[in-house]
Amino acid sequence: MVKLISVISIIVASSLFSQFSTPLEQSNYSRLTTNTELVKYVQSVAAPSQWIKMDTLAVSANGKIIPFLTISKGKSNNNIKVLIFAQQHGNEPSGKEGALLLLKDIANGKLDEILENVDLYLVPQMNPDGNDINARRNGHGMDLNRNHLLLTEPEVIGLHELYNKIDPEVTLDVHEYSPYGKEWKEYGYRKNSEVTIGLMTNPNTDDVLRSFQRKAFIPFIDSYLQMKNVRFGEYTPMGPPNKERMRNSTVDINDGRQSFGILGSFSFIQEGMNGLDSIDNIRRRSEGQCAALTGFITFMNNNADTIRMMVKNAKTTRADRAVTAIQMDHVSDGEKTLKFSSYDGLRDTTIVTANYHTKVVPLLTVNRPKGYLVLKSDTLLKDFLTKHNVKVASYKPAKSDAVKQYWLEYDSSLVIEEFVIPVKSARPQVIKVKALDYLFIPIEQRQAQMLIQAFEPQCMINLLQYERFRYLMKEKFYPILRVE
Ligand SMILES: [Zn+2]
């Protein structure tokens, strides 16, 4: 009898343990989760739950469903809102698999404690088209993680619609990086962090948030992942340092990290280490991503009130800054230590180099205008403003207004970082306009820093960087006007 009871309890325990096991687990880590399996899985988790809700974020370029989950224990209306989205790049599957493991832990009640002050919005898979053929881009051949300024792709449009609707304090974009490659092999060493996390680097993002990321979050996640036996490092693309300078990524605002950071959210990127191929070492990769996601949510839960206050401030004061950096560069801040492993991963070492450029300095700034004027007949710019939820108004000129138009001189010899800047000089001249022909974009709104960087013709990360908006350079006079 005793024997029988223990057999039954083992069966009960093991069936409880395997409840909501993910498609990857069900395949015993032999096969990545397809979009169809993912949709079915999240439905099966959400259906019986009181506090996990499933909705559709968007339909992909190729017509696949992109689900998102709203996870709220509903204790308070004052929870901090955390938006996590994974796999914008279809050939980086461990973020998605890690997000599904996280969802399993949530459904099994294992993370109740860290969700006390958090409402979680989870998109496990941004790019099902890429996922199903192991490709970086979506069905239109577009890189979703370069589309957050243009907003032309349905997947990214859907994400920004959700962002505008829920107004989250915190965002996290989940990827993978590859430590392999010819140049690293020749160098003999490679990056070895299983999970890296990157912070906001654009100098026009909020200083207080940036400082809290570096001084509070990085030490926390470092020791959290050490405890979980996951090797952590700060997000450091590029290299090797003997060939190319290294930095903490671009200052651009067209990606999943900085497009939300520039609006005043507490925004991050997480990158796990990819395998030799998509399935190689997938269990360890997915569990590492899941551990980092759990640590990330833990930090937001523990610091919910502080972050909510800082973000509220960042979102309301975005428009108050007197100047905006429009050209900037990464520079060396002295010699830095980087942690590498031998190329075969068997021996650890540290490299001291001055070629790790961690500091961003502004090279050119502009003063904040009162607002901008764009022609009502410009349908592409109007579409841009609508998708970014920008407030626009009819233009009612005040007596003190000076409307200025830039006269441009073109010359593509200026290159900063990877950006070719086609406008060499922009001379403002006061002009008279027919107010009725224009839409007025007041700068006093949350999108101020994004708008200034998108519109200023000498900005290195503006709309002129994209084919879609090259028509703005058709003439010597620039059609977007400044009101001062
Ligand atoms: Zn990626």
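The values are calculated or read from the model by the stated rules, or taken from the named source; none is laboratory data. From a predicted model like this one, the values you see are computed outputs, not experimental measurements. All Cβ positions, even for glycine, are placed from backbone atoms using ideal geometry, and neighbour counts span all protein chains on display.
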Discussion item. If I ask for residues that are over 18 Å from Tyr466 (Cα atoms) and surrounded by 13 or more Cβ atoms within 10 Å (Cβ to Cβ), which ones from region 375-390 would you list?
Written reply: Leu375, Lys376, Asn389, Val390
Worksheet entry | Within region 145-155, considering residues that are of a type in the set (S, T, N, Q) and crowded, with 19+ Cβ neighbours inside 10 Å, the one farthest from the ligand (Cβ to nearest atom) | Asn147
Worksheet item: If we scan region 391-399, do we find a residue that is within 26 Å of Asp252 (Cβ to Cβ) and either surrounded by 15 or more Cβ atoms within 10 Å (Cβ to Cβ) or modelled with pLDDT of 95 or more (or both)?
Response: yes
Discussion item. Please list, ordered by residue number, the strands (runs of 3 or more DSSP E) wholly in region 288-353 having 2 or more residues that are among the small types (Gly, Ala, Ser) and out of contact with any His (no Cβ under 9 Å at 6 or more places or on another chain).
Written reply: 336-342
Worksheet item: Of Gly158, Gly141, which residue is in the same structural domain as His89 (by TED's automatic domain parsing), more than 21 Å from Ala314 (Cβ to Cβ) and in a loop (DSSP other than H, G, I, E, B)?
Response: Gly141
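Does Pro128 count as at pLDDT 95 or above and within 16 Å of the ligand (Cβ to nearest atom)? Lay out the reasoning, then the answer.
On the way: at pLDDT 95 or above: yes; within 16 Å of the ligand (Cβ to nearest atom): yes.
Judged against the criteria, Pro128 is a match.
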Response to the item:
Here the residues within region 156-185 that are crowded, with 22+ Cβ neighbours inside 10 Å and away from the ligand (no atom under 15 Å from the Cβ) are Pro168, Glu169, Val170, Thr171
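Quick check on region 195-208: of everything there that is of a type in the set (Ser, Thr, Tyr) and touching a Gly at 6+ places or on another chain (Cβ under 8 Å), which residue is surrounded by the fewest Cβ atoms within 10 Å (Cβ to Cβ)? Don't jump to the end; show me each part of the working.
Quick first cut of region 195-208, residues of a type in the set (Ser, Thr, Tyr) only: 196, 201, 205.
Subsequent filtering for residues that are touching a Gly at 6+ places or on another chain (Cβ under 8 Å) retains 196, 205.
Numbers: Thr196: 23, Thr205: 27.
Selected residue: Thr196.
May I ask you to verify whether Asn192 is in the same structural domain as Gln50 (by TED's automatic domain parsing), surrounded by fewer than 22 Cβ atoms within 10 Å (Cβ to Cβ) and either farther than 25 Å from Leu38 by Cα or out of contact with any helix residue (DSSP H, G or I) (no Cβ under 9 Å at 6 or more places or on another chain) (or both)?
Yes, satisfied.
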Worksheet entry | Residue list for region 432-445, restricted to those being closer than 28 Å to His388 by Cα and of a type outside the set (S, T, N, Q) | Val433, Lys434, Ala435, Leu436, Asp437, Tyr438, Leu439, Phe440, Ile441, Pro442, Ile443, Glu444
Fill in: From Ala135, Ala107, residue being over 18 Å from the mean Cα position of the chain (by Cα), surrounded by fewer than 24 Cβ atoms within 10 Å (Cβ to Cβ) and within 16 Å of the ligand (Cβ to nearest atom)
Ala135
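Out of region 26-42, which residues are in contact (Cβ under 8 Å) with a residue 24 or more places away in the chain and either outside any loop (DSSP other than H, G, I, E, B) or in contact with a Phe, Trp or Tyr (Cβ under 8 Å, 6 or more places away or on another chain) (or both)? Step through it out loud before you land on a result.
Kept after step one, since they are in contact (Cβ under 8 Å) with a residue 24 or more places away in the chain, are these residues of region 26-42: 29-35, 38-39, 41-42.
Hits for region 26-42 are Thr33, Asn35, Leu38, Val39, Tyr41, Val42.
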Worksheet item: Just checking, which of Thr337, Thr358, Thr353 is closer than 26 Å to Ser178 by Cβ and without any contact (Cβ under 8 Å) to a residue 24 or more places away in the chain?
Response: Thr337
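Is it the case that some residue within region 354-375 is more than 30 Å from Glu186 (Cβ to Cβ) and under 24 Å from the mean Cα position of the chain (by Cα)? Reasoning before the result, please.
Here is the first cut: in region 354-375, the ones more than 30 Å from Glu186 (Cβ to Cβ) are 361-375.
Still in the running and under 24 Å from the mean Cα position of the chain (by Cα): 361-362.
Scanning region 354-375 turns up at least one residue that is more than 30 Å from Glu186 (Cβ to Cβ) and under 24 Å from the mean Cα position of the chain (by Cα).
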Worksheet item: Which residues, counting only those in region 79-97, are surrounded by 21 or more Cβ atoms within 10 Å (Cβ to Cβ) and within 14 Å of the ligand (Cβ to nearest atom)?
Response: Phe85, Ala86, Gln87, Gln88, His89, Gly90, Glu92, Pro93, Ser94, Gly95, Lys96
Discussion item. Regarding region 456-466, can at least one residue be identified that is assigned to a loop (DSSP other than H, G, I, E, B), surrounded by 21 or more Cβ atoms within 10 Å (Cβ to Cβ) and charged (D, E, K, R)?
Written reply: yes
Practice prompt. Taking the residues in region 172-224 that are among the β-branched types (Val, Ile, Thr) and not in a helix (DSSP H, G or I) as candidates, determine which candidate is nearest to Ala454 (Cα to Cα).
Written response: Thr205
